[in-house]
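Remarks on the structure that follows.
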Amino acid sequence: MKRSWYAAPYAVWMALFTIVPLLLVCYYAFTTRSGAFTTENLTRIFDYAPVLFDSLRLALYCTALCLLIGYPAAYFMASRDMSRSQSLAVLILLPMWMNFLLRTYAMMTLFENNGVLNTLFEALGLPRQQMIGTEGAVLVGMVYNFLPFMVLPIYTVLKKLDPRVIEAAEDLGANPVRVVTRVVLPMSVPGIVSGITMVFMPAVTTFAISRLMSSGMIYLMGDMIEEFYITMNNRNVGSAMSLVMMVLILISIGFLRKADPEGQGGGLW
Amino acid sequence: MVQDTRLIELKGISKSFDDTQVLHSIDLYIRKCEFITLLGPSGCGKTTLLRIIGGFETPDEGQVLFEGADMANVPPYRRRINTVFQKYALFSHLNVFDNIAFGLNLKTPEALGVKTRRQKREEIARRVGRMLKLVKMEGYEKRSIDQLSGGQQQRIAIARALVNEPEVLLLDEPLGALDLKLRKEMQVELKAMQQQLGITFIYVTHDQEEALTMSDTVVVLNGGRIQQIGEPKRIYDEPKNAFVADFIGESNILSGIMREDCLVEMLGVEFQCVDEGFAKDEPVDVVVRPEDVMIVGEDVGMLTGTVESVIFKGVHYEMMVNTGAMRWKVHSTTMQPAGSRVGMSIVPFNIHIMRKEA
Ligand SMILES: Nc1ncnc2c1ncn2[C@@H]1O[C@H](COP(=O)(O)OP(=O)(O)OP(=O)(O)O)[C@@H](O)[C@H]1O
Ligand SMILES: [Mg+2]
């Protein structure tokens with residue numbers, strides 16, 4: 001009986017900062033500026049279908065790239081060679097200790113027309129490249145920002161994997177490739193699912209990264225919502241868009257949950 | 001059954017972990033179709049030796065030969081060996097059926113004696129079914145591993161290794177988690193399988209009874225050193241030193257002095273024995289098994305003492321008899337009440353003399 005009271009602060013916290021804002025978003029989404037009920041805000045989303053499509057596409061690319069880079073990284077981090085894995089872990093996690101905007105600004109200085117990379121190209125006698133402003137640059141920025149969220153859950157799962165199980169597979173005749181395909185990969189599915197969720201969710205609603213890395217050429221849903229809220233001061237359409245994004249994300253989580261019904265995904269969300 | 005060809009040979013195997021030496025120059029050969037048991041107390045290096053044979057651990061010194069060929073550069077998956085691991089190491093992402101089928105799935109259809117993939121699937125199902133029956137786990141095919149008890153997991157681990165019908169099977173305390181009745185049944189089943197399929201078993205246990213009943217050869221280990229290698233009966237009847245005598249079966253161990261060939265003095269009494277070749281007045285260890293001590297009348301006994309305690313052990317009574325200088329453990333089918341005075345005698349053949357360990 002009494003115990004439940006300990007949860008009270010969290011309940012208050014939840015109500016204040018999760019439930020109330022959610023309700024507000026719903027309220028704004030279905031009302032006009034003057035407060036009358038409408039569904040027009042929601043239908044406005046169709047005007048921005050290409051942006052929505054771009055957001056989903058880039059988020060998918062980003063998630064795929066994070067998985068491709070992140071899985072091997074997590075694998076090496078979890079392997080028993082501690083001294084090497086330590087430095088690799090720091091390398092991957094260090095950027096997390098910085099605000100993502102700062103990180104992105106740092107990235108920009110690398111890719112700018114007069115940036116570090118182009119200076120390097122010039123020194124090597126290679127032609128300068130227009131990098132900033134391209135979709136590739138946005139993608140690099142996104143992957144750089146979201147990679148840790150892929151690595152961590154996979155690392156957690158791999159770290160827990162009993163080396164004796166791998167020995168058992170070898171014992172039964174599995175060569176190194178088959179050890180990975182038949183044991184290590186299947187056993188890390190929960191971590192992969194968790195990683196995909198952790199990357200895909202924030203990636204769909206990416207903002208700022210896209211604008212900065214594309215010098216304002218590429219607008220994603222996150223940027224749109226920000227724009228409606230702040231620049232155009234139209235929180236009704238902004239809320240409607242947020243709502244649509246939330247529903248899309250919930251649906252995708254639903255699919256992913258199917259792949260990891262026990263929810264052992266590294267315990268990260 | 002056991003053939004003369006040496007299948008596996010260990011030559012001077014030494015292994016250390018962080019400066020502590022776990023195995024000291026182990027020399028051992030294992031013949032084709034042999035049931036050989038590594039027996040020894042916890043921590044004596046049994047698992048380590050088995051892991052070296054399986055290829056999961058590299059020895060610091062020495063060689064493992066398989067049919068005469070050095071195995072140093074042969075990874076575990078290419079050795080014709082399967083292992084029942086002490087801690088099972090089952091695949092938690094697969095159900096019982098797929099765990100057992102793991103090794104077979106990796107093989108080509110031809111290796112299973114069939115042509116098509118379909119036939120392979122059927123053949124695997126057939127073999128897995130037979131194994132499940134053997135380990136008394138029929139109907140558990142679809143169960144997930146974490147829904148099984150320890151003993152059930154252990155039986156799946158046995159089935160998973162045995163189903164591959166390897167040339168050599170390493171078993172690390174494979175019956176440790178089973179209750180006594182199932183354990184006895186599985187001992188019989190394993191022994192039958194071993195003989196029927198002609199598989200070489202390298203078996204690890206610290207249960208001396210299991211070792212003696214199942215093995216062709218027993219290797220007694222202590223502190224990473226081989227104490228004695230031999231047939232079970234020989235090890236039991238002629239332990240080479242006090243450690244083996246104490247570890248295998250129950251025994252009365254006492255110090256004695258070899259007065260001359262076939263005459264040993266212990267507890268101030270001279271006994272006839274059958275051992276020769278010791279120096280005159282050499283100090284020795286003497287072993288007498290409890291069942292070899294005969295209770296006789298107080299007046300005709302070589303030793304006399306008082307019965308201190310009597311415990312009924314099923315088939316026999318176990319009595320502790322105090323002769324003043326020592327308490328003897330005596331097994332007899334007839335009971336002497338506690339407190340009574342008895343005489344004891346031992347026939348020469350049942351007195352085992354061993355050199356003192358350095
Ligand atoms: N990977 C390892 N690192 C360090 N020490 C180890 C390692 N493996 C085994 N040892 C040590 O080596 C010794 C022998 O271990 P081993 O597992 O071979 O014993 P065992 O005879 O199988 O014992 P048990 O009957 O308890 O299974 C022990 O003292 C153990 O602590
Ligand atoms: Mg062991």
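The values are calculated or read from the model by the stated rules, or taken from the named source; none is laboratory data. Only a predicted model underlies this, so the values are computations on that prediction, with no experimental measurement involved. Here Cβ is always computed from backbone atoms with ideal geometry, including for glycine, and neighbour counts include all displayed protein chains.
Take the conditions (1) more than 14 Å from ligand 1 (Cβ to nearest atom); (2) assigned by TED's automatic domain parsing to the domain that holds B:Met214; B:Met1 misses just one of them, which is (2). Would you please name the residue that is nearest to ligand 2 (Cβ to nearest atom), looking only at residues in segment B:132-168 that are among the aliphatic types (A, V, I, L, M) and touching a Ser or Thr at 6+ places or on another chain (Cβ under 7 Å)? Across segment B:132-168, the extreme among qualifying residues is B:Ala161. Within segment B:116-149, the residues that satisfy the criterion of being of a type in the set (Lys, Arg) and part of a loop (DSSP other than H, G, I, E, B) are B:Lys136, B:Lys142, B:Arg143.
Is there a residue being touching a residue at least 12 places away in the same chain (Cβ under 8 Å), buried (at least 22 other Cβ atoms within 10 Å of the Cβ) and more than 25 Å from B:Glu9 (Cβ to Cβ) anywhere in segment B:221-242? Yes, some residue in segment B:221-242 is touching a residue at least 12 places away in the same chain (Cβ under 8 Å), buried (at least 22 other Cβ atoms within 10 Å of the Cβ) and more than 25 Å from B:Glu9 (Cβ to Cβ).
Taking every residue in segment A:40-65 that is without any contact (Cβ under 8 Å) to a residue 24 or more places away in the chain and pairing it with any residue that is among the hydroxyl-bearing types (Ser, Thr, Tyr), at least 6 positions away or on another chain, the pairs with Cβ-Cβ distances below 8 Å are A:Glu40/A:Thr32.
Looking only at segment A:188-215, count every residue that is over 21 Å from A:Ala64 (Cβ atoms) and either surrounded by 20 or more Cβ atoms within 10 Å (Cβ to Cβ) or free of Cβ contacts under 8 Å to residues at least 12 places away in the same chain (or both) and tell me the total. Spell out how you get there, then give the answer.
First, pick out the residues of segment A:188-215 that are over 21 Å from A:Ala64 (Cβ atoms): A:208, A:211-212, A:215.
Within this subset, residues satisfying the condition of being either surrounded by 20 or more Cβ atoms within 10 Å (Cβ to Cβ) or free of Cβ contacts under 8 Å to residues at least 12 places away in the same chain (or both) are A:211.
Within segment A:188-215, residues that are over 21 Å from A:Ala64 (Cβ atoms) and either surrounded by 20 or more Cβ atoms within 10 Å (Cβ to Cβ) or free of Cβ contacts under 8 Å to residues at least 12 places away in the same chain (or both) number 1.
Here the condition is being under 23 Å from A:Ser214 (Cα atoms), without any contact (Cβ under 8 Å) to a residue 60 or more places away in the chain and among the β-branched types (Val, Ile, Thr); of A:Val138, A:Val116, it holds for A:Val116 alone.
Among the residues in segment B:74-92, are any part of a loop (DSSP other than H, G, I, E, B), without any contact (Cβ under 8 Å) to a residue 12 or more places away in the chain and away from ligand 1 (no atom under 16 Å from the Cβ)? No, segment B:74-92 has no match at all.
Taking first residues from segment B:44-72 that are within 11 Å of chain A (Cβ to nearest Cβ) and within 15 Å of B:Leu170 (Cα to Cα) and partners that are more than 16 Å from ligand 2 (Cβ to nearest atom) and not in a helix (DSSP H, G or I), the Cβ contacts under 6 Å between residues at least 6 apart in sequence or on separate chains come to B:Gly54/B:Ile81; B:Gly55/B:Arg79. Of B:Thr37, B:Thr83, B:Thr58, all but one fail to be hydroxyl-bearing (Ser, Thr, Tyr), in contact with a Lys or Arg (Cβ under 9 Å, 6 or more places away or on another chain) and more than 30 Å from B:Glu141 (Cβ to Cβ); the exception is B:Thr58.
With the condition being of a type in the set (S, T, N, Q) and out of contact with any helix residue (DSSP H, G or I) (no Cβ under 7 Å at 6 or more places or on another chain), I'd like the strands (runs of 3 or more DSSP E) fully within segment B:261-348 carrying at least 1 qualifying residues. Please lay out each step first, then the result.
Numbers: elements: B:263-266, B:269-272, B:282-288, B:294-296, B:303-312, B:317-322, B:327-332, B:341-345.
Once the strands (runs of 3 or more DSSP E) in segment B:261-348 are filtered for at least 1 residues that are of a type in the set (S, T, N, Q) and out of contact with any helix residue (DSSP H, G or I) (no Cβ under 7 Å at 6 or more places or on another chain), what remains is B:303-312, B:317-322, B:327-332, B:341-345.
Residues B:Glu250, B:Glu209: which one is in contact (Cβ under 8 Å) with a residue 60 or more places away in the chain, under 26 Å from B:Leu178 (Cβ atoms), not in a strand (DSSP E or B) and not hydrophobic (A, V, I, L, M, F, W, C)? Talk me through it step by step, then tell me what you get.
On the way: B:Glu209 fails: in contact (Cβ under 8 Å) with a residue 60 or more places away in the chain.
Just one listed residue meets the conditions, B:Glu250.
Name the residue, out of B:Ala211, B:Ala192, B:Ala159, that is over 30 Å from B:Ser14 (Cα atoms) and surrounded by 20 or more Cβ atoms within 10 Å (Cβ to Cβ). Write out each step before concluding.
Numbers: B:Ala211 fails: over 30 Å from B:Ser14 (Cα atoms); B:Ala192 fails: surrounded by 20 or more Cβ atoms within 10 Å (Cβ to Cβ).
Just one listed residue meets the conditions, B:Ala159.
Of all the numbered requirements in (1) more than 14 Å from chain B (Cβ to nearest Cβ); (2) assigned to a helix (DSSP H, G or I); (3) not aromatic (Phe, Trp, Tyr), A:Pro127 misses one, and that requirement is (2).
One residue is enough: does segment B:15-23 have a residue meeting the conditions among the basic types (Lys, Arg) and within 14 Å of another protein chain (Cβ to nearest Cβ)? No, because not a single residue in segment B:15-23 is among the basic types (Lys, Arg) and within 14 Å of another protein chain (Cβ to nearest Cβ). For residues that are over 20 Å from B:Ala161 (Cβ atoms) and surrounded by 14 or more Cβ atoms within 10 Å (Cβ to Cβ), scanning just segment B:92-119, find the one that is farthest from the other protein chains (Cβ to nearest Cβ). Filtering segment B:92-119 for residues that are over 20 Å from B:Ala161 (Cβ atoms) and surrounded by 14 or more Cβ atoms within 10 Å (Cβ to Cβ), the one farthest from the other protein chains (Cβ to nearest Cβ) comes out as B:Val114.
Evaluate the following for B:Arg31: is it in contact (Cβ under 8 Å) with a residue 12 or more places away in the chain, within 9 Å of chain A (Cβ to nearest Cβ), more than 16 Å from ligand 2 (Cβ to nearest atom) and not aromatic (Phe, Trp, Tyr)? Judged against the criteria, B:Arg31 is not a match.
Among the helices (runs of 4 or more DSSP H) confined to segment A:4-88, the ones with at least 1 residues that are farther than 29 Å from A:Leu220 by Cα are located at A:8-14, A:49-78. Each residue in segment B:1-42 was checked for being in a strand (DSSP E or B), acidic (Asp, Glu) and within 28 Å of B:Gln187 (Cβ to Cβ), and 1 of them qualify.
Put simply, of B:Leu49, B:Leu28 the only residue that is of a type in the set (A, V, I, L, M, F, W, C) and more than 10 Å from ligand 1 (Cβ to nearest atom) is B:Leu28. Segment A:138-227 holds helices (runs of 4 or more DSSP H) entirely within its bounds, and those carrying 1 or more residues that are under 26 Å from A:Leu110 (Cβ atoms) map to A:189-204, A:209-213, A:221-226. Only a single item in (1) within 16 Å of ligand 2 (Cβ to nearest atom); (2) over 30 Å from B:Leu106 (Cβ atoms); (3) buried (at least 17 other Cβ atoms within 10 Å of the Cβ) is not met by B:Asp172, and it is number (2).
Here is the figure for segment B:53-69: residues that are more than 10 Å from B:Ile8 (Cα to Cα) and either more than 16 Å from ligand 1 (Cβ to nearest atom) or touching a strand residue (DSSP E or B) at 6+ places or on another chain (Cβ under 6 Å) (or both) total 6.
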